[in-house]
Amino acid sequence: MRASRFFISTLKEAPSDAEIVSHQLMMRAGMIKRLGSGIYTYMPMGLKIIRKVEAIVREEMNQSNAIELLMPLIQPAELWQETGRWDKMGAELLRVKDRHGREFAFQPTAEEVITDVVRSEIKSYRQLPLNFYHIQTKFRDERRPRFGLMRGREFTMKDAYSFDRDLAGMQASYQIMYDAYVRIFNRFGLKFRAVAADNGAIGGTGSHEFHVIASTGEDALVYCPSSDYAANMEAAEALPVNPSRPAASQALSKPATAGATKCEQVAAQLGLPLSRTVKALALTVEKEEGGKAYFMLLLRGDHELNEIKVGKVAGLAAHRFSTEQEILEVYGSVPGYLGPINTRLPVTVVADRTVANMADFVCGANEEGYHYAGANWGRDCAEPAIVADLRNVVEGDASPDGKGVLAIERGIEVGHVFQLGTAYSEAMKATFLDENGKPAPLQMGCYGIGITRILGAAIEQNYDDKGIIWPTAIAPFELVLCPMGMDRSEAVKEAAERLYAEAVAAGIDVILDDRGHRPGQMFADWELIGVPHRVVIGDRGLKEGNLEYQGRRDSEATAVPVAEALAFIKGKLAR
């Protein structure tokens, strides 16, 4: 490709609405143009990268015996109503009506559609296993689109769906896809981590997220440096800080704590570590048969609640936080002074594992202006009705596998694999005839990669003060040739054209910058765009028989003999 025949449109400054580095750099490099809130046009430079990402994904999917098809962007409401997701999905599902008043959705994902396809095509166990995938536009009506391609409304995703006869088959298909994802992200040239995850709105029995490691990532990733344990914060298991409960050593007292509604304030007033305090959170559950059930969650004062874990506690799937009026009625106190001792009405106490193993702790006295100190389970209040993992892990917690302590790093989710089981096949009556001629529900898995999100994640991991630093595999061009004064020097023009022709013949994705720009502008453009390999051709170097090579991460250029230039470049590309 010659730069004069390609569309290059760089900016010195990022638009004011570009919030994060990847958004700023993609806008400045002319890779995307904003059309509307969370909606972008992919310009030629950006589209080249997307196509390279797609090619790697497609090759690995095909190698894993997944079969490509293409499902429509618009989906009938009836399919979503079969699974109950038409109402459950909420406002993110963009709904439209056609001229006849029939309802449709812009697909955010395609479980319903692919299940509909398979239930009409698959009749026998002999047709299984089966895995379909497509690369298609998706739309999610985000409340607050932001961060460019990282959280846009329209995006491109690869989603695959496996179908098996039994659980063992589904787990085998899941492992095949998991392994394919590892290969894909390795080929991208990105530092990533696969972590155990919560299934969320997709449903199912187990899942893993794939995160590109970046300090700007939205997600906290928990891992053990000395073992294979890894999970996102939502799913990471928090063990009790103390493996067993110490014996009580203090008498119960009731110190005044006026104005201390937070554990930090209580600890400061009493001169105690925050880790000695226990905070209470009041929840209410509306019963189906009428009436309400009340729950009190207890966490150590320095720990944070994990709401995903709370929703998995028996009886709390449909919980909400109690109103101030409910708190007054149940506990006889204003919020900030609640505790498990002497509640006014029956309350189910749910203690975090760490709290259940605490002794001589400080908790609310259910009386404004007072807390209890030296509180102990069994002696001062009943043992908690439920002990559960309720909190986020923190650095230094014991790893659940017993092989070390936990560390935390930031990541950007770019892929997710799910073991769906029969959640969709049962709802949509997608069955097959087994070996005994009896109908059985299909066991499903689903597997997504955010194609366009890869671009933003890769930049967040790879940039400097000059611009983007693309991994070679997904760079818009592998190599840029920068001739100095090509329009004025026949020697430069001849050397540049010769090397360009040789690189093209060798299958290198090369661009020759023949625009005639000054060196400063030329270099600034390609450093901003992030091409990983650059060769400069100038009269001075040619007189010495050399060209100048510089990798995007290199601090200095390297002189390379003209005759050896192509072999040298091939060697760099092969690394």
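The values are calculated or read from the model by the stated rules, or taken from the named source; none is laboratory data. Just so you know, these numbers come straight off a predicted model, no measurement behind them. We place every Cβ from the backbone using ideal geometry, glycine too, and count neighbours over all the protein chains shown.
Remarks
- The set of residues from the range 250-273 being part of a helix (DSSP H, G or I) and either touching a residue at least 60 places away in the same chain (Cβ under 8 Å) or within 21 Å of C381 (Cβ to Cβ) (or both) comprises C263, V266, A267, L270.
- Restricting attention to the range 301-330, the residues that are more than 28 Å from the chain's Cα centre (by Cα), over 20 Å from N342 (Cβ atoms) and buried (at least 21 other Cβ atoms within 10 Å of the Cβ) add up to 1.
- Residue ranges of helices (runs of 4 or more DSSP H) in the range 487-575 with at least 1 members β-branched (V, I, T): 490-505, 519-529, 565-574
- Top-ranked residue of the range 449-495 - restricted to ones that are surrounded by fewer than 23 Cβ atoms within 10 Å (Cβ to Cβ) and among the hydroxyl-bearing types (S, T, Y), ranked as farthest from F188 (Cα to Cα): S489
- Selection status of G90, at positive phi and over 18 Å from the mean Cα position of the chain (by Cα): yes
- Qualifying residue in the range 161-179 (condition: in a helix (DSSP H, G or I), under 17 Å from the mean Cα position of the chain (by Cα), modelled with pLDDT of 95 or more and of a type in the set (F, W, Y)): yes
- The set of residues in the range 423-456 being polar (S, T, N, Q) and within 29 Å of the chain's Cα centre (by Cα) consists of S425, Q443, T452.
- Within the range 209-220, the set of residues being of a type outside the set (A, V, I, L, M) and surrounded by fewer than 23 Cβ atoms within 10 Å (Cβ to Cβ) comprises S215, T216, G217, E218, D219.
- Residues of the range 346-384 classified as of a type in the set (A, V, I, L, M) and over 23 Å from G311 (Cα atoms), total: 7
- C224 meets all of the listed conditions (1) in contact (Cβ under 8 Å) with a residue 24 or more places away in the chain; (2) within 23 Å of N376 (Cβ to Cβ) but one, namely (2).
- Taken over the range 180-193, residues that are in contact with a strand residue (DSSP E or B) (Cβ under 6 Å, 6 or more places away or on another chain) and either without any contact (Cβ under 8 Å) to a residue 24 or more places away in the chain or not in a helix (DSSP H, G or I) (or both) amount to 4.
- The range 36-88, residues that are over 26 Å from E478 (Cβ atoms), in contact with a Gly (Cβ under 8 Å, 6 or more places away or on another chain) and either surrounded by fewer than 18 Cβ atoms within 10 Å (Cβ to Cβ) or modelled with pLDDT of 95 or more (or both): I39
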